1. Have a look at 37, 30 and point out the one that is under 24 Å from residue 81 (Cα atoms) and free of Cβ contacts under 8 Å to residues at least 40 places away in the same chain.
2. Enumerate the pairs (first residue in region 53-77 and at positive phi; second residue anywhere and in a helix (DSSP H, G or I) and surrounded by 17 or more Cβ atoms within 10 Å (Cβ to Cβ)) with beta-carbon separation below 8 Å, excluding pairs fewer than 6 apart on the same chain, so at least 6 apart or on different chains.
């Protein structure tokens, strides 16, 4: 933990301990982004949302939604990883 903290501080200028204080916020943010990505994906497939939306039945938003959900998943995994680093 100490070696990782020193390397992280050297490369980013931010202490790892200060980032770990916000690990719940990172997890909640990741979950929220994943949910939004799934909603955008479903709107692009014409499953959810009003028909007047620019996202409704738009094939671009099918892929955008998947990309946003994957980004949220990565953020969620980082938050969970910070949680495990803190415990060890």
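1. Checking each option against the conditions leaves just 37.
2. 57/44
No value in this document is a laboratory result; all are computed from the given coordinates. A quick note: this is a predicted structure, and the numbers were derived from the prediction, not measured. Methodologically, a virtual Cβ is constructed for each residue, glycine included, from the backbone with ideal geometry; neighbour enumeration extends over all protein chains shown.
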